[in-house]
Structure formats: C-alpha cells, structure tokens
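**Student:** Below are the structure tokens for one structure; questions will follow.
Please treat every number below as a calculation from the coordinates, not as lab data. None of these values were measured; they are calculated from a predicted model. Here Cβ is always computed from backbone atoms with ideal geometry, including for glycine, and neighbour counts include all displayed protein chains.
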Amino acid sequence: MTLPADVLADLRTDHAGETGAVWLYRGMRRVARDPALRAFAQRHQATEQAHLQRIEAWLPPAQRSRLLPLWRLAGWLTGALPALWGPRAAYATVEAVERFVDGHYAQQIARLQGQPALAALRQTLVECRADELAHRDEAAAARGPQPAGRWQRAWAGLVQAGSQAAVAVCRHV
C-alpha cells in the first residue's frame, strides 16, 4: 500500500521519536546508579524498541529521517543528563517526554479516523500511545507527589520545545 505524503511525514516523526526514545533509555541506563531507575529504563527501552519495529514495518527505509544519528544523540543526552542528577529528574524527564508524545500520537490518530484503508495503522498508533501513557503515569508515580521545582519545570519545557522542533524538522528531513 502506498501511503499518503502526510501520513509518511507523520510516520517519519514517529520513527525518529521512537529511535530517540530507545536511545533516551540507553543513556539513562548508562549513567543511572539507582537500581530501580535502571530497571525502569530497561523495561521501557524494550517497549520503545518494540514500537520502533512496529513503525519500521509501516515506513519504507527511504522515507526515514536522514538525521537519525542526531536523534540518537539527542535521545541519549535527554536520558543521560537528568539521570546524572538523580531518579527524580529522570522520572520527570520521562513524564515530560511522554506528555508530548501523547499529544503527538493523539493528533495522528484523530487524522486517521474515518480512513478505513488506514485502520490497521491507526490501531498501531493507538496501541503505541497506550504504552506511552502508561510510561508517563509510571514515571509520574515514581517521581512522587512533590511538585516540580523551577529547574525541573525549565528542563521539562526544554524537552517539550526540543520535541516540537524535532517533529517539525522530521516532517521534511
């Protein structure tokens, strides 16, 4: 099946995002000292790797972002840097990333509504989104009830802005 150009652009962003997510957890696992955080990162990396494989089944290799090395590095740094500051910062980062991913997938799912030829793709995105929501909720619970401080809010804003910029670039490159 030949996918419409706008769907391919969306899938390119999904592929880059799932690649970044795999590397986020690799970075987190590399520098984290806390055993619970390392286990969290290992579980979530496996889920993101499965998402990546599902997206790759839909997106022809020629349509993938040519900037994948950049997305791998950005993902690794997004996981490693907060893990250096400790579990609470790492969980807050995952929560911020997944908040963005939720909205990103929700928009795509809505656009695919009413397109029977793309129902299987829509279902794939629904299932990936459900996992991302579970990741967000697990990270929020692990972060704890204490409100985010100024630094964490600033970092979350940077993560969200970076994610938005990456999506804008990936739609074309």
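**Student:** Using only DSSP helix segments of four residues or longer, with each worth -39500 (n - 2.57), what per-residue ellipticity at 222 nm results for the chain after dividing by its residue count and rounding to 500?
**Tutor:** After summing the helix terms and dividing by residue count, I get -28500 deg cm²/dmol.
**Student:** Using only the alpha carbons of the range 99-173, determine the length spanned along each of the three principal axes and report them from longest to shortest in whole angstroms.
**Tutor:** Rounded to whole Å, the extents work out to 46, 29, 15 Å.
**Student:** Put a dot 7 Å past each Cα toward the Cβ at Ala36 and Ala119; how far apart are the dots in nm?
**Tutor:** Going from the Ala119 label point to the Ala36 one covers 4.4 nm.
**Student:** Which one of Gly157, Leu8, Leu81 has its Cα pushed farthest toward the positive end of the charge dipole of the chain, where Lys and Arg give +1 and Asp and Glu give -1 at the Cβ?
**Tutor:** Working it through, the farthest residue towards the positive pole turns out to be Leu81.
**Student:** Output the 0 to 90 degree angle, nearest 10, between the alpha-carbon long axis of helix 68-85 and the longest principal axis computed from the alpha carbons of the chain.
**Tutor:** Result, in degrees: 20.
**Student:** What is the pair-distance distribution P(r) of the range 5-170, computed from all Cα-Cα distances in 5 Å bins starting at 0, with each bin given as a whole percent?
**Tutor:** The distribution over the range 5-170 is 2, 9, 19, 23, 20, 13, 8, 4, 1, 0, given as percents.
**Student:** In the range 53-83, which residues have a backbone nitrogen under 17 Å from the label point lying 7 Å from Gln146's Cα in the Cα-to-Cβ direction?
**Tutor:** Those under the cut-off are 82-83.
**Student:** If one takes the longest principal axis of the Cα atoms in the chain, at what angle in degrees, from 0 to 90 and to the nearest 10, does the Cα axis of helix 150-170 lie?
**Tutor:** 20 degrees
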